Amino acid sequence: MFKGTLSPGLSPNLQTEDLLNSLRSIISVFHLNRGDYVNKIEAWFKYNFKSNYAFTFSSGREAEYALLSSIGVKEGDEVLVQAFTCTAAINPIIWTGANPVYVDIDKDNYSMNPEDLKKKITKKSKAVIVQHTFGIPGNIEKIKQIAKENNIFLIEDCAHTIGGIYKNKKLGAFSGAAFFSFGRDKAVSSIFGGIVITNKKRIAQRIKKIEDISPYPSPLWTYQQLFHPIATYLAILGFKIYPSLGKLILFIIKKLNLISKPIISTIQSPYEKNVKIKKYPNALAYLCYSQLTRVGQFNKRRLEIYNLYRENLKKYKFYLPKDEHYYLRVPVIVSKNRKELMYFCKKKLVYLGDWYSNVIDPKETNIDKIGYKLGSCKTAEEISKKIINLPTNPTLKDRDVYRIINSIKEFYDKEN
């Protein structure tokens with residue numbers, strides 16, 4: 001097995017098995033779209049989440065859109081969603097014609113604040129989406145009660161976790177429905193993909209109709225995703241030989257358009273209200289299923305890495321969460337010098353993440369077009385200015401984790 005990259009966004013789960021799976025899928029041209037693996041994934045989620053129904057799509061945000069459409073979200077409705085998130089979670093709301101209503105976050109778990117939620121419910125509120133940010137359980141019980149009292153449909157956004165537990169129950173099993181992402185930097189990855197689970201028959205029937213009429217992505221697009229693990233491996237190999245070589249390989253791969261952008265181009269503009277969603281190709285499901293069989297190992301390793309951070313960085317003056325969870329990334333709040341810390345570590349080839357350094361990421365997002373008003377979610381805005389993320393890539397060895405720890409220590413010791 002080759003060593004994992006220290007970048008939290010460059011295929012963090014990638015192991016030799018995934019590289020070989022990509023090569024097998026590229027060769028198996030007759031199983032590109034149809035095969036057994038989509039059914040295997042849906043069966044896995046139904047079994048593990050005690051769900052009656054599961055439906056896959058070519059991205060997590062398309063799964064979210066199918067779910068919102070199936071519960072009848074339409075133009076003029078409001079969907080309550082937290083600030084301190086990615087535009088990929090907001091776009092599906094806009095696609096339905098509904099308006100996102102932004103709720104501030106709880107500083108302890110980076111998820112929706114129940115008290116602010118109460119203030120922002122109106123007669124137009126149709127659904128509320130609870131995001132388990134970084135894999136930390138949101139205020140799911142309180143929000144579930146608020147949603148029930150106001151007759152609002154509750155959805156769990158589990159894009160950051162598969163297997164996370166709260167009070168002996170899996171995240172994703174608390175609500176009327178939940179969706180998950182198989183994006184390139186998620187808990188399991190097939191580069192793209194997503195799934196909806198629900199126990200509600202009527203909703204499932206509507207989602208099934210959407211899935212049935214959805215086409216497959218183009219073969220070129222699917223091959224781009226299959227090539228991504230190979231491209232990542234080549235870049236990692238280049239970085240090992242010489243950092244500039246790794247950067248050159250990545251540059252060439254992107255220039256030749258051999259891998260697609262992180263967010264799928266299902267429409268010309270993310271702010272338009274018409275979208276054509278796609279089925280999940282069997283070739284990508286094959287990659288995903290392989291990682292699902294290892295997700296227990298991934299989560300165990302993520303927890304081990306978190307505990308190394310907690311034990312070795314506890315004396316430093318920044319906020320690092322105290323509770324054990326399967327962190328997709330470990331959020332850290334620094335009071336000052338965030339950019340300087342990240343640059344210092346980068347020079348040592350240690351790449352820290354910055355989810356969400358904008359109240360709605362990425363920084364190119366036009367917040368006016370997605371209906372966000374500055375000052376409406378003050379905690380989210382404050383935290384976005386101070387947050388960094390420590391990688392929990394399951395492929396990281398202890399020596400890699402200590403490189404990250406020692407780089408951070410060196411920066412702060414130098415400051416003092």
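The values are calculated or read from the model by the stated rules, or taken from the named source; none is laboratory data. Because the structure is a prediction, the values reported are computed rather than measured. Positions of Cβ are backbone-derived with ideal geometry, glycine not excepted, and every protein chain shown enters the neighbour counts. Areas reflect the complete protein model, heavy atoms only, side chains present, ligands, DNA and RNA absent. Shrake-Rupley method; radii C 1.70, N 1.55, O 1.52, S 1.80 Å.
For this structure, a couple of remarks:
- Charge tally in the Cβ shell below 14 Å around PHE153, where Lys, Arg are +1 and Asp, Glu are -1, PHE153 excluded: +2
- Placing unit charges on the Cβ atoms of the charged side chains and taking the dipole of the chain about its Cα centre, the candidate lying farthest along the positive direction among ILE305, ILE252, HIS31 is ILE305.
- Charge dipole (region 268-416, unit charges on Cβ, about Cα centre) - positive-most of VAL359, THR395, GLY296: THR395
- Here the average projected area of the convex hull drawn through the C-alpha atoms of region 257-416 stands at 12.5 nm².
- For region 368-390 and region 294-345, distance of Cα centres in Å: 21
- Taking each of LYS186/LYS315; LYS74/LYS378; LYS46/LYS240; LYS170/LYS247; LYS240/LYS414 in turn, the alpha-carbon distance tops 32 angstrom for LYS46/LYS240; LYS170/LYS247.
- Peptide ranges 198-207, 306-315 listed from the most packed, as the mean C-beta count within 10 angstrom indicates: 198-207, 306-315
- Charge dipole of region 83-197 (Cα centre as origin; +1 on each Lys and Arg Cβ, -1 on each Asp and Glu Cβ, all else neutral): 300 debye, rounded to the nearest 20.
- Solvent-accessible area, 1.4 Å probe, carbon plus sulfur percent, for the chain: 52
- Checking the Cα-Cα distances for LYS254/LYS276; LYS346/LYS385; LYS276/LYS369; LYS148/LYS276 against a 28 Å cut-off, the pairs over it are LYS148/LYS276.
- Beta-bridge orientation, the chain: approximately 50 percent antiparallel, per DSSP, counting only bridges with both partners inside.
- Mean separation of Cα contacts under 8 Å (6+ apart) over length of the chain, as relative contact order %: 24
- Mean separation of Cα contacts under 8 Å (6+ apart) over length of region 36-98, as relative contact order %: 31
- For the chain, built as a Gaussian network whose Cα springs stay under 10 Å, the top-fluctuating residue of PRO217, PRO229, PRO12: PRO217
- Counting only protein heavy atoms and a 1.4 Å probe, region 1-138 has 37 square angstrom of accessible area per residue.
- Cα-based Rg / Dmax (Å) for the chain: 20.5, 61
- Mean sequence separation of contacting Cα pairs (under 8 Å, at least six apart), scaled by the length of region 103-183, corresponds to a relative contact order of 26 percent.
- Percent of beta bridges antiparallel (DSSP, region 68-192, rounded to nearest 5): 15
- For LYS40, the lysines whose Cα falls under 16 Å of its own Cα, not counting residues fewer than eight places away in the same chain, are LYS50, LYS279.
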